[in-house]
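The values are calculated or read from the model by the stated rules, or taken from the named source; none is laboratory data. Quick caveat, the model's predicted, so the values are computed rather than measured. Ideal geometry is used to build each Cβ from the backbone, glycine not excepted, and the neighbour counts take in all protein chains shown. Side chains included, ligands, DNA and RNA excluded: accessible areas come from the protein's heavy atoms. Shrake-Rupley method; radii C 1.70, N 1.55, O 1.52, S 1.80 Å.
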Amino acid sequence: MTKITFVDKNDNVIGTGTRKEALERGIIRRIVRVFLFNSKGELLIQKRSLKVPLPGKWDQSVGGHVDAGEDYLKAAQRELQEELGIRDIPLKEIAKYYTEETDEKVINKRFNMLYSANYDGKINFNEGEISEIKWIALNKLEEWIKERPRDFTQGFIDSFNIYQNKKQNDNH
């Protein structure tokens, strides 16, 4: 099993271990999230497969843990390749933020690094992790989240709100 990065409240590396250990012991871990946009400005979202935590929920284009020995950017690039078969595209750092969620009966403590990228090429998604993908306009996504928030992971809703707020602030 791959070891993931454990960090303290200041995001300094304090060790490595499994996701299960982090959840059981209340340890903070690092997560990367990538929002992939096409030339129409639509966001790619993925439906989580039945084989992963939070099955059947819609999530960001790509996401995952920072493995031992990786930095955020390297993890984001690896996840893009593992989940969607995409490599060598430039990633733009959007925001780094801390969250605590109780999506899964335990407190999930995570530092999140959100990236965005533009892509119009071929996508070969990993069917072990993803059951479906869909490009969606941001205004339609916003409506869907308001109407049926339970269709989505809490982590995605948080990152989408952070993205929208950052975009709004950058335009002022």
Any idea which residue in segment 106-151 is farthest from Gln168 (Cα to Cα), counting only those that are part of a strand (DSSP E or B) and open to solvent by 40 Å² or more (accessible area, probe 1.4 Å)?
Ser131
All positions within segment 57-69 that are out of contact with any helix residue (DSSP H, G or I) (no Cβ under 6 Å at 6 or more places or on another chain) and either open to solvent by 30 Å² or more (accessible area, probe 1.4 Å) or assigned to a strand (DSSP E or B) (or both)
Lys57, Gly63, His65, Asp67, Ala68, Gly69
Matching residues in segment 23-56 - criterion: being assigned to a loop (DSSP other than H, G, I, E, B) and either touching a helix residue (DSSP H, G or I) at 6+ places or on another chain (Cβ under 6 Å) or of a type in the set (Val, Ile, Thr) (or both)
Ile27, Val52
Specify which of the listed residues (Glu70, Glu42) is among the acidic types (Asp, Glu), touching a strand residue (DSSP E or B) at 6+ places or on another chain (Cβ under 6 Å) and more than 16 Å from Ile157 (Cβ to Cβ).
Glu42
For segment 76-96, give me each residue that is within 14 Å of the chain's Cα centre (by Cα), open to solvent by less than 40 Å² (accessible area, probe 1.4 Å) and over 23 Å from Asp151 (Cα atoms).
Ala76, Leu91, Ile94, Ala95
So, first residue touching a residue at least 12 places away in the same chain (Cβ under 8 Å) in segment 66-94, second residue exposed (fewer than 13 other Cβ atoms within 10 Å of the Cβ), Cβ within less than 6 Å, six or more apart or across chains; the pairs are Asp67/Thr2; Gly85/Asn124
Cβ-Cβ distance below 8 Å, separation of 6 or more or different chains: which pairs start in segment 37-55 with a residue that is without any contact (Cβ under 8 Å) to a residue 60 or more places away in the chain and end on one that is buried (at least 17 other Cβ atoms within 10 Å of the Cβ)?
Pro55/Arg48
State all residues of segment 25-44 that are under 15 Å from Ile86 (Cα atoms) and crowded, with 20+ Cβ neighbours inside 10 Å; if no residue qualifies, say none.
Arg33, Val34, Phe35, Leu36, Leu44
Val34 touching a Gly at 6+ places or on another chain (Cβ under 9 Å), of a type in the set (A, V, I, L, M) and modelled with pLDDT of 95 or more:
yes
Any residue at all in segment 152-166 that is surrounded by 16 or more Cβ atoms within 10 Å (Cβ to Cβ), touching a Leu at 6+ places or on another chain (Cβ under 8 Å), hydrophobic (A, V, I, L, M, F, W, C) and assigned to a strand (DSSP E or B)?
no
Can you tell me which residue within segment 62-115, out of those that are in contact with a Phe, Trp or Tyr (Cβ under 9 Å, 6 or more places away or on another chain) and among the basic types (Lys, Arg), is farthest from Ile31 (Cα to Cα)?
Lys92
